[in-house]
Amino acid sequence: MTLNLMKGALFVHMVEFAQKELGANEAERVVSHLSLGTGASYTSVGMYPVAEFMALHAAFSNRMNMAPEEFSRRFGIHTLPALVAGQGLSTSEHPFDFLERIHGIIHRDVRKLYTNSNPPDIEVIARDGERSLTLRYASRRPLAAFCGGMLEATLETFKRSVNYGVERIDPEPRIETYAEFRVFERLKSDAYAG
């Protein structure tokens, strides 16, 4: 397993997100000011340096005048629907069922297909039927806010008549390589929690 490399899919999606937010020309200008060993030629199946991903992340979040965590969160919201569509996954199942499958099935299959990949550990650690769920994220990469955005997008993509809220519940000070999120059925009077 190569720890300093990561799958190109997230590189591709981040560049697409930046192009959507900034426009293709401005996103290209941001990239051109970085000294990237790959020349920013990414494919979804390639493996690229984590340091290059983090350099792009910092440059795009800076150009968009966003805190890195907010950039990650919005990037996660943008990315989840594309990943679901690209994998041909049905959105008819309950979002909690989908979230339970990520670690045990989806990431296991990723590790089989790409033996040098190192996806994060994303595990449902508690569930109360369709009312609430607690999810844990752990990774060598500081993308907890990205995971939170993906979680928000999961609830929208696998939409149900129930309105769910999301809150990050791991203690502060927080680190971006670890997080716990609680998804809960929101009553009409509840304000957005996360």
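Over all orientations, the chain has a Cα convex hull whose mean projected area works out to 11.5 square nanometres. Based on Cα contacts under 8 Å between residues 6+ apart, the chain shows a relative contact order of 20 percent.
Can you tell me what the convex hull of the Cα atoms of region 5-65 projects to on average, as an area in nm²? Show your work: numbers first, answer last.
Details: hull surface 14.0 nm².
Average projection, Cα convex hull of region 5-65: 3.5 nm².
A simple charge model with +1 on the Cβ of Lys and Arg, -1 on the Cβ of Asp and Glu and nothing else charged puts the dipole of the chain at about 240 debye relative to its Cα centre.
Among the trypsin sites (Lys or Arg not before Pro) found in region 119-174, those both in a DSSP coil and sparsely packed, with 16 or fewer other Cβ atoms within 10 Å of their Cβ, are Arg131, Arg140, Lys159, Arg160, Arg174. Seen against the Cα atoms of the chain and their longest principal axis, helix 8-22 is set at about 90 degrees.
Can you give me the pair-distance distribution of region 73-185, C-alpha pairs, 5 Å bins, whole percents? Final binned percentages: 2, 12, 21, 27, 21, 11, 4, 1.
Rule-based calculations on the coordinates, nothing more; no lab input. Predicted model only: the values in this text are computed from it and were never measured. Methodologically, a virtual Cβ is constructed for each residue, glycine included, from the backbone with ideal geometry; neighbour enumeration extends over all protein chains shown.
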